[in-house]
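See below for the structure under consideration.
What follows is calculated from the coordinates using simple rules that are stated; it is not laboratory data. Every value quoted in this text rests on a predicted model; they were computed, and no experiment measured them. FYI the Cβ positions are ideal-geometry reconstructions off the backbone, even for glycines, and counts take in every protein chain you see.
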Amino acid sequence: MLTRRFVSCWMIGSAVLMAADWAQFRGPNASGVSDDKAVPVEFGPNKNVVWKTALPPGHSSPSVAGNRIYVTAVESEKLFTIAMDRASGRILWRREAPRPRKQVIERPANGPVSATPATDGKNVYSFFQDFGLIAYGPDGNELWRMALGPFNNPFGHGASPILDGDTLYMTCDQDAGAFLLALDKMSGKVRWRTERPFAQRGYATPVLYRSAKMGLQLVVAGSYRISGYDAKTGKEVWWVRRLPWQVKPTPAIAGDVVYFVTFSAESDPGEQENVPPFPEALAQWDKNKDGKLSKDEIVDPRAKARFEEYLDLDDTGFLEARDWEQFRERRLGESGLRAVQLGGTGDLTDTAVIWKNAKSLPNVPSPLVYRDVLYTLKEGGVFTSYNPKTGEVLKQGRLQGALGAYYASPVAANGKIYVVSEEGKAAVIQAGPQWQVERVHDMDDGVKGTPALVDGRMYLRTTNTLYCFGE
């Protein structure tokens, strides 16, 4: 689909795909990269504002396509998809989604509207953790809905839906019953559903990779492993193990390499050896011989201390085989920024990892590959550039004036990288191996959504407002 003034492209394996505008989380293939040449570097609440529109709260990022902008929001406990006019910011329609439940989210950093809607320039597709998926036409007419859940994810949901051709994809990772879904975008009919039994709570959005030999794949980073799935069938084609249990950043693909970050404060490789397999644990501790372990029966102090919060994944009051084996996997997972060679099949853990760096790892922001340099952004404003071929650190430093927490991911256009902290400090960085901070702007409001860079504009959502900036 080509739109009126802006066309971007990105590489997926050996194929070049054309992508209009900024139609999903983090733009084309969630890369965060725009080919636009006129995105402003000077902006703020009173500077280079083309328009601004007050919005209800929400952590989703703006999706921009054709003459529309889409966001999701929550107001008076109600869930909404909102369509706006791209030129003026005028709200065109608001549609309420059902909310049959209200999930209790244990960490205030998340909320009920974190998933960014996906659009094909005509229709829009929204995901709400308290309902499921819902699709609307250009005038706000409902096309279809699919109830999903309830989800067993104590920290809330984070992944966003993505589109490719006539197929909508959605990852629904959770502590029990995780799955990957492919739907016909016009009817909502399920094309395939693949269970992810090894996955627990996860927050990464899928990305696409086209293999010259094997066709289109979905690359999904989740608990304990990153996997590639055949986009036509949902079959898991390859995987890399030894990841931590919670994965938040979305991977970035450049050519035939995927770069991804995994961080867990609990990563402690080697301790897995001290946790016996489940049959041995039963033989030692299952006093009543019922084939499962109660909290009273468990001797391992780590398992006992985190029984309810992290280990009893299906909330049965006992640890069964899956619960225990996931506990063992957690002891094996290693935090790190990894580069993995794509194109293989099966278990690639020992053959496809090109390099790994375990220092200064982001918790939430996704990596950025831009002009042959890899970048990461860590909480506290620690910004790092890497040689993507070797993992060598080229430069690392703090973004002075923007040192807070970060939930938005870095994005880039016209030789500049844009990052915005949770407290609303927006840094403009000159891209390059020896990057330099050029400007820091204060938005005077909080920011968790990732900016969209398209058509000479920056669309930036704060807690209460969507801004359109342009020179």
Angstrom value of the Kirkwood radius, inverse mean 1/r, which spans all Cα pairs in the range 271-332: 11.4
Candidate lysines - alpha carbon under 26 Å from Lys287, same-chain residues fewer than 8 apart omitted: Lys295, Lys304
Relative packing of 53-63, 200-210, 400-410, which averages over residues the other C-beta atoms within 10 Å, highest first: 200-210, 53-63, 400-410
Over 28 Å (Cα to Cα) - which of Lys102/Lys359; Lys37/Lys425; Lys122/Lys425; Lys47/Lys389 fall in this group: Lys102/Lys359; Lys122/Lys425; Lys47/Lys389
Contact order normalised by residue count of the range 271-332, Cα under 8 Å, 6+ apart, percent: 41
Summed side-chain charge close to Pro150 - residues other than Pro150 whose Cβ falls under 9 Å, Lys, Arg +1, Asp, Glu -1: 0
Mean Cβ count within 10 Å, highest first, over the residues of peptides 356-362, 339-345: 339-345, 356-362
Relative contact order (%) - the range 193-233, alpha-carbon pairs under 8 angstrom, separation at least six: 33
Net charge of Cβ neighbours under 10 Å - reference Thr384; Lys, Arg +1; Asp, Glu -1: +3
Value of D in µm² per second that Stokes-Einstein yields for the range 325-399, Kirkwood Rh from Cα pairs, at 37 °C (0.692 mPa s): 237
FRET efficiency estimate (nearest 0.05) - Cβ-Cβ, Asp139 to Lys359, R0 60 angstrom: 0.75
Nearest-20 debye value, the range 271-332 charge dipole, Cβ charges on Lys, Arg, Asp, Glu: 160
Total formal charge among the other residues, if their Cβ is under 11 angstrom from that of Gly432, Lys/Arg +1 and Asp/Glu -1: +2
Mean Cβ neighbour count within 10 Å, used as a protection proxy, ranking 160-166, 91-97 highest first: 160-166, 91-97
